[in-house]
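Here's the structure, in structure tokens; my notes come after.
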Amino acid sequence: MTRTAPPHRSGGDVRLEGISKTYGSFTAVHPLDLTVPAGSFFALLGASGCGKTTTLRMIAGLEDPTTGTVALSGQDVTALPPYKRQVNTVFQNYALFPHLDIHENVAFGLRRRGIKSVKKPVEEMLDLVQLGPMARRRPQQLSGGQQQRVAVARALINKPEVLLLDEPLGALDLKLRRQMQLELKRIQTEVGITFVHVTHDQEEAMTMADTVAVMNGGRVEQLGAPADLYENPASTFVANFLGTSNLIEAEVVTADGEELLLKAGDAALRLPARRCSAPARPGGKVLAGVRPEKVTLAHADDAGSLPGGRNLLPARIKDAGFIGVSTQYVVTVPGLGELAVYEQNIERDGRLIPGADVVLHWSPAHTFGLDAAQDIGAGADLDEEAA
Amino acid sequence: MAVRDTTAPPAARAPHRGLRWLRRHLVTLAGLATLGYLILPNVVVLVFSFNKPNGRFNYSWQRFSLDAWRDPCGVADLCGSLGLSLRIAVWATLGATVLGTMIAFALARYRFRARSSVNTLIFLPMAMPEVVMAASLATLFLNMGIQFGFWTILIAHIMFCLSFVVTAVKARVMSMDPRLEQAAQDLYASPVQTFLRVTLPIAAPGIASGALLSFALSFDDFIITNFNAGSTVTFPMFVWGSAQRGTPVQINVIGSAMFLIAVLCVVAGQLAGARRKRS
């Protein structure tokens, strides 16, 4: 490879080709192709049962794929048992050996590979995760966060080409989870190993990963950088699972040129043609989407003074929730239902209270278009469940 | 003030001092009483091992003597039967522990035909009256024309010890997180290494308790042994036989020695455990 080597050793890349897993008549993972570049922090994001953990376990070798191949650093490892793969896993609930102390837990991988002098590397690794003084304790004497760090140390000390993390922060409380997210990100940058991280927490995936693959029903729905996924969701599932989206059913009026002209209820909306992932013909249907924080509220009395060229929707405030940095409104748009609007609390307009008539407006550039044939609510409840 | 009330209750409500002492130490007293109930018979055995009885029965205290302790094998056939019992107990423990551990792993880990019936049948030796089992075993051996002796006793002992080992080990294996073995494999341990380094050490307490139970059960079994021994005499059978003609003091010596060895083992185990916890 021509890519310049980072100061430390670099990880390997992971290449999955046509990999799938079926249990009897149930398909956990549909045939999928996935490439994780060397040295990247890659997240598999999805609700429980979407196939993300199964995919991870197939990379580790703990699960045999029904079809397809797994390649690490260009070498086909599909037929290799887990103990012959240069891959280590941080398990959900850590799976630390209860009969060994912390030092021996961390030394386990080195000893199995016949390395005699384990004292120094183990001490260095425990220092890296700030657990030096705990070396002689048993796992059950440590707190959840400490156990998690032991699990990371036990995997990292083997200098694997790829580190797999299976919901490693799921058992921690929110504050500790935030702290460990930063910690893991720091370690990954420091050691340069490829990380594949499985999580159901969309915020966790977005803060930590360079690339996120959103999985649903055993398939990868969309893959990309976190910001790209958020701004340009390709399906209603991604739009709803990553944050919140307002999805409006609309009819295509004209579809020539740079911009599509849509009709939603009585309102006309404009949508950049390149941001519409669905085929658009005049008379066809699309879902016009916009993120709640991209929308601005203006009182109906000020409607005349709004700048031109923006998408406008008349509405009435149904509910307003003040949460400090922002106020979250639920508004009712006649004929279109309820939409969400998040307003930064910079200059609060005292007239914007429940019952007030308002105009929603946003830049057409912030609108995205999705195929109207999909379930408009896909992924919406899952997100709440996961949060 | 309310605060002061709780720290110093009014004298009128204070119970009698003796009652208060009793209330505070009731658990300790109950514990000591239970311990006394358990240990007293052993103490009697120990005390009478220093007796010098007049006549053949060691039932009333005469005078202190170390004769029996100086010559524990002084009674004909006693030490022979003791050696036989120990040998049978060791082999039965070994056989039952190995077989039982394997059965426990099979039952806990694998789904196979007749698994649930095996699960139930394994409890049968525990539930069935010993006499019934002894008699049926004897019938079986007799019909098959097998000579009664060491081997029939050993087979019988392994049989009834099995269920105890299976029960103890299975509980341990069932509660083991399967991810521990996966973690070991993930950390470059081959299946054999995984079993030796992770599975076995974690199952060890279950296996050890099963083995200890087997040893104790096999060593002092009388009923089943008596039916299947033929002319072979184990230690419990020797005690039973001699009790009809007279009880040599040496029996008390052997009994006390076994009791003291067991106590020593337990104390040593506790001390080792406490030291490990402290470090």
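Quick rundown of the values:
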quantity	calculated
Close pairs from segment A:341-357: first closer than 17 Å to A:VAL330 by Cβ and assigned by TED's automatic domain parsing to the domain that holds A:GLY289, partner basic (Lys, Arg) and part of a strand (DSSP E or B), Cβ under 6 Å, at least 6 apart	A:ASP357/A:ARG316
Residue that is assigned by TED's automatic domain parsing to the domain that holds A:GLY379 and within 31 Å of the chain's Cα centre (by Cα), where the choices are A:GLY289, A:GLY309, A:GLY304	A:GLY289
Residue among A:GLU347, A:GLU293, A:GLU343 that alone is of a type outside the set (A, V, I, L, M), loosely packed, with under 13 Cβ neighbours inside 10 Å and either out of contact with any helix residue (DSSP H, G or I) (no Cβ under 7 Å at 6 or more places or on another chain) or modelled with pLDDT of 85 or more (or both)	A:GLU347
Matching entry among B:PHE148, B:PHE141, B:PHE123 (being aromatic (Phe, Trp, Tyr), more than 22 Å from B:LEU84 (Cβ to Cβ) and surrounded by 10 or more Cβ atoms within 10 Å (Cβ to Cβ))	B:PHE123
Residue among A:GLY308, A:GLY355, A:GLY289 that is closer than 20 Å to A:ALA250 by Cβ and of a type outside the set (Asp, Glu)	A:GLY289
Segment B:20-74: number of residues that are touching a residue at least 40 places away in the same chain (Cβ under 8 Å) and of a type in the set (A, V, I, L, M)	3
Residues that are modelled with pLDDT of 90 or more, outside any helix (DSSP H, G or I) and of a type in the set (S, T, N, Q), drawn from segment B:233-260	B:THR234
Residue list for segment A:94-127, filter: basic (Lys, Arg) and facing another protein chain (nearest Cβ under 9 Å)	A:ARG111, A:ARG112, A:ARG113
Filter pass, B:SER136 being crowded, with 17+ Cβ neighbours inside 10 Å and either in a loop (DSSP other than H, G, I, E, B) or more than 10 Å from chain A (Cβ to nearest Cβ) (or both)	no
Lone qualifier among B:SER60, B:SER49 - being of a type in the set (Ser, Thr, Tyr) and either surrounded by 12 or more Cβ atoms within 10 Å (Cβ to Cβ) or under 26 Å from B:HIS157 (Cβ atoms) (or both)	B:SER49
Residue within segment A:94-102 that is in contact with a strand residue (DSSP E or B) (Cβ under 7 Å, 6 or more places away or on another chain) and of a type outside the set (Asp, Glu) present	no
Filter result for A:LEU110 (crowded, with 18+ Cβ neighbours inside 10 Å and not acidic (Asp, Glu))	yes
Residue satisfying condition, being closer than 28 Å to A:ARG348 by Cα and in a loop (DSSP other than H, G, I, E, B), within set A:GLY289, A:GLY257, A:GLY283, A:GLY309	A:GLY309
Matching residues in segment B:149-162 - criterion: being out of contact with any Ser or Thr (no Cβ under 7 Å at 6 or more places or on another chain) and over 17 Å from B:VAL131 (Cβ atoms)	B:TRP151, B:LEU154, B:ILE155, B:ILE158, B:LEU162
Matching residues, segment A:64-93, being surrounded by fewer than 21 Cβ atoms within 10 Å (Cβ to Cβ) and facing chain B (nearest Cβ under 10 Å)	A:PRO81, A:TYR83, A:LYS84, A:GLN86, A:GLN92, A:ASN93
Residue match in segment A:257-265 (condition: under 26 Å from A:GLN328 (Cα atoms) and not assigned by TED's automatic domain parsing to the domain that holds A:ASP349)	no
Flag for A:GLN222 being assigned to a helix (DSSP H, G or I) and not β-branched (Val, Ile, Thr)	no
Test for B:GLN185: is it within 14 Å of chain A (Cβ to nearest Cβ) and in a helix (DSSP H, G or I)	yes
Residue satisfying all of: in segment B:26-55; part of a loop (DSSP other than H, G, I, E, B) and touching a helix residue (DSSP H, G or I) at 6+ places or on another chain (Cβ under 9 Å); farthest from B:THR247 (Cα to Cα) among these	B:PHE50
Residues of segment B:72-131 satisfying the condition of being within 21 Å of the chain's Cα centre (by Cα) and among the charged types (D, E, K, R)	B:ARG87, B:GLU130
Qualifying position, being among the small types (Gly, Ala, Ser), within 19 Å of A:PHE91 (Cβ to Cβ), away from every other protein chain (no Cβ under 14 Å) and surrounded by fewer than 23 Cβ atoms within 10 Å (Cβ to Cβ), among A:GLY145, A:GLY132, A:GLY192, A:GLY170	A:GLY145
Some residue of segment A:373-386 being modelled with pLDDT of 85 or more and either at negative phi or surrounded by fewer than 16 Cβ atoms within 10 Å (Cβ to Cβ) (or both)	no
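For (1) buried (at least 19 other Cβ atoms within 10 Å of the Cβ); (2) in contact with a strand residue (DSSP E or B) (Cβ under 8 Å, 6 or more places away or on another chain), each residue gets a yes or a no:
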{"site": "B:ALA208", "(1), (2)": "no, no"}
{"site": "B:ILE224", "(1), (2)": "yes, no"}
{"site": "B:GLY230", "(1), (2)": "no, no"}
{"site": "B:GLN244", "(1), (2)": "no, no"}
{"site": "B:VAL249", "(1), (2)": "yes, yes"}
{"site": "B:LEU260", "(1), (2)": "no, no"}
{"site": "B:LEU264", "(1), (2)": "no, no"}
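The values are calculated or read from the model by the stated rules, or taken from the named source; none is laboratory data. Keep in mind that this is a model prediction, so the values were computed, not measured. All Cβ positions, even for glycine, are placed from backbone atoms using ideal geometry, and neighbour counts span all protein chains on display.
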